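All remarks here apply to the structure that follows.
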Amino acid sequence: MTDSVVVQTPPPLVHIDPSGADRHGEAARMRELGPVVRAVLPGDVQMWVVTDYALLADLAADPRVGRDWRQWEALRRGEVPEDWPLLSMIRLNNAMARDGAEHRRLRKPLTRTFTRARVERLRPRIEEIVNTMLDDLPGHAGPDGVVDVRKHYAYPFPMQVICELIGVPEAWWPRFRELIDTVIRADTTAEEYLATQQERHELWQRLFAMRRAEPADDLTSAMIAVNDEDGALTDDELEDTLWMLIGAGHETSISLIVNATRALLTHPDQLALVRDGDAETWSKVIEETLRWDAPVGNFPARFPTEDITVGGVTIPKGDAILAPWSGVNRDPAKYGPDADKFDITRPNQKHLAFGGGPHMCVGPALARLEAAVALPALFARFPDLRLAVDSAELTAVPSIFSNSVTSLPVYLGPSRG
């Protein structure tokens, strides 16, 4: 008698839509196919996707699964093109792309300088920036009275905050925005990717030279000072650390503010609760938005350091795993049959919008603070704020990473400023 051989059925193969046009529908369809599926990303690069909230939360904290891209077997074998645009979010020299002792070494200078206290000290400046932008907002209205809240409020506000925090010269802000947009877009060409990598390297090196010559009260100067004490990071590592911070700090806050505004304008019952509530109610709006429409759609990548079994599926050592943060935040197994409903009174608002495990995002405090200032101020200044188009007409940001819309046209109504 011979031993029986168990043959594992190959998981379904799903093509991720780079336009992001139906991100939540796509996530729901993947969940229906199983807890683990195989995905094809733009450029015909394949990754695993864990669609179950609990499984993904466990995976993010599993010490057998890391973020070091040097473990990616497909990249080692040359199956991933060197000019693949999404490599800019994976092949980094910072804490996000290292594990264990290396992760702690690279994260330490950031956690020593980018503290909750430093973030809280930004509140008066954030309030000042918000009030100035709200004063200017009616002036951006077109002949039809329509204002794009994303373009003229949610987009420039976080970039100004994070650039001032880091110490980026004001003249560079527009170019930094363009470079970050190039990184997150799904339609970025190989040529644009390579040019972006070179230009951002040159800009950071110029900034480091400026701050070493003339230190200022900013995060770059603080990190250089800390770094010079113990030589913890190379300049390339410092560059990639700040690049991660400025990219994540900018893009996440944009999407959070836009998604929360859209959610309230399309859910008048929830907006009524907010108007009758207090500051704590706004906190619930922010957390429910982070759950219901998380700023990050999918994030690459994690790599098992040994063969692992997830949801009955074996993921081989060195294969890439894509984390669908926005998708699992609507998992009915976690949130019940009304998981797709935007409800700020929901008792369970715990979410994975900022990831999990040792590589959890370092900037949740700043994102929450910016939203906690920007959202109440917007709705207080323009109490009759309403969408200028049907919500179905809004276009998704063409990205597998960023989860939001390209514009949010509104009628402001009378100002109460």
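Does residue 208 satisfy being assigned to a helix (DSSP H, G or I) and in contact with a His (Cβ under 9 Å, 6 or more places away or on another chain)?
When the stated conditions are applied, residue 208 does not pass them.
Please indicate, with yes or no, whether at least one residue in the stretch 333-340 is open to solvent by 40 Å² or more (accessible area, probe 1.4 Å) and in a helix (DSSP H, G or I).
Yes - at least one qualifying residue is present in the stretch 333-340.
Check every one of the helices (runs of 4 or more DSSP H) wholly within the stretch 226-305 and list those with 3 or more residues that are open to solvent by less than 10 Å² (accessible area, probe 1.4 Å). I'd like the intermediate steps shown before the answer.
Numbers: elements: 235-265, 268-275, 279-292.
Passing ranges, in order: 235-265, 279-292.
So if I check each of 220, 309, which one is without any contact (Cβ under 8 Å) to a residue 60 or more places away in the chain and assigned to a helix (DSSP H, G or I)? Walk me through it before giving the result.
Details: 309 fails: assigned to a helix (DSSP H, G or I).
Step by step, each of 220, 309 is checked, and only 220 is without any contact (Cβ under 8 Å) to a residue 60 or more places away in the chain and assigned to a helix (DSSP H, G or I).
Kindly check whether there is at least one residue in the stretch 104-121 that is over 17 Å from residue 247 (Cα atoms) and in contact with a Gly (Cβ under 7 Å, 6 or more places away or on another chain).
For the stretch 104-121, residues over 17 Å from residue 247 (Cα atoms) and in contact with a Gly (Cβ under 7 Å, 6 or more places away or on another chain): absent.
Does residue 330 meet the test of being buried (at least 17 other Cβ atoms within 10 Å of the Cβ), out of contact with any Pro (no Cβ under 6 Å at 6 or more places or on another chain), charged (D, E, K, R) and not in a loop (DSSP other than H, G, I, E, B)?
Details: buried (at least 17 other Cβ atoms within 10 Å of the Cβ): yes; out of contact with any Pro (no Cβ under 6 Å at 6 or more places or on another chain): yes; charged (D, E, K, R): yes; not in a loop (DSSP other than H, G, I, E, B): no.
Spelling it out, it is not the case that residue 330 is buried (at least 17 other Cβ atoms within 10 Å of the Cβ), out of contact with any Pro (no Cβ under 6 Å at 6 or more places or on another chain), charged (D, E, K, R) and not in a loop (DSSP other than H, G, I, E, B).
Considering only the stretch 92-133, how many residues are acidic (Asp, Glu) and either free of Cβ contacts under 8 Å to residues at least 60 places away in the same chain or farther than 27 Å from residue 154 by Cβ (or both)?
3
Taking only pairs six or more apart or across chains, which ones have beta-carbon atoms under 9 Å, a first residue in the stretch 314-325 that is open to solvent by 10 Å² or more (accessible area, probe 1.4 Å), and a second residue that is among the aliphatic types (A, V, I, L, M) and not in a loop (DSSP other than H, G, I, E, B)?
314/308; 316/308; 317/308; 319/47; 319/74; 325/56; 325/296
Name the residue, out of 292, 325, that is under 30 Å from residue 100 (Cβ atoms) and modelled with pLDDT of 95 or more.
After ruling out the rest, the residue left standing is 325.
Can you name the condition, by its number, that residue 82 falls short on among (1) open to solvent by 10 Å² or more (accessible area, probe 1.4 Å); (2) touching a Phe, Trp or Tyr at 6+ places or on another chain (Cβ under 8 Å)?
Among (1) open to solvent by 10 Å² or more (accessible area, probe 1.4 Å); (2) touching a Phe, Trp or Tyr at 6+ places or on another chain (Cβ under 8 Å), residue 82 violates only (2).
For the stretch 40-65: of the residues being in a strand (DSSP E or B) and in contact with a Lys or Arg (Cβ under 7 Å, 6 or more places away or on another chain), which is nearest to residue 94 (Cα to Cα)?
65
Answer yes if at least one residue in the stretch 111-128 is outside any loop (DSSP other than H, G, I, E, B), modelled with pLDDT of 95 or more and either aromatic (Phe, Trp, Tyr) or surrounded by 18 or more Cβ atoms within 10 Å (Cβ to Cβ) (or both), and no otherwise.
Yes.
With the requirement that a residue be over 15 Å from the mean Cα position of the chain (by Cα) and part of a loop (DSSP other than H, G, I, E, B), what does the stretch 341-358 give you?
Of everything in the stretch 341-358, those that are over 15 Å from the mean Cα position of the chain (by Cα) and part of a loop (DSSP other than H, G, I, E, B) turn out to be 341, 342, 343, 344, 345, 346, 347, 348, 349, 350.
For the stretch 206-215, give me each residue that is of a type outside the set (Asp, Glu) and farther than 18 Å from residue 110 by Cβ. Walk me through it before giving the result.
Residues of the stretch 206-215 of a type outside the set (Asp, Glu): 206-213, 215.
The answer is 206, 209, 210, 212, 213.
How many of the residues in the stretch 359-394 are in a loop (DSSP other than H, G, I, E, B), closer than 25 Å to residue 22 by Cβ and touching a residue at least 40 places away in the same chain (Cβ under 8 Å)?
2
What are the residues in the stretch 70-110 that are out of contact with any strand residue (DSSP E or B) (no Cβ under 9 Å at 6 or more places or on another chain), charged (D, E, K, R) and in a loop (DSSP other than H, G, I, E, B), if any?
Hits for the stretch 70-110 are 77, 82, 83, 91.
What do you reckon, is residue 176 open to solvent by less than 30 Å² (accessible area, probe 1.4 Å), part of a helix (DSSP H, G or I) and in contact with a Lys or Arg (Cβ under 9 Å, 6 or more places away or on another chain)? Outline the logic, then answer.
Working: open to solvent by less than 30 Å² (accessible area, probe 1.4 Å): yes; part of a helix (DSSP H, G or I): yes; in contact with a Lys or Arg (Cβ under 9 Å, 6 or more places away or on another chain): yes.
Answer is yes for this residue.
The values are calculated or read from the model by the stated rules, or taken from the named source; none is laboratory data. Just so it is clear, the structure is predicted and the values come from calculations on it, not from any experiment. When we count neighbours, we look across all protein chains shown, and the Cβ atoms used for this are built from the backbone with ideal geometry, even at glycine. Accessible surface is based on the protein model in full, side chains and every heavy atom, while ligands, DNA and RNA are left aside. Shrake-Rupley method; radii C 1.70, N 1.55, O 1.52, S 1.80 Å.
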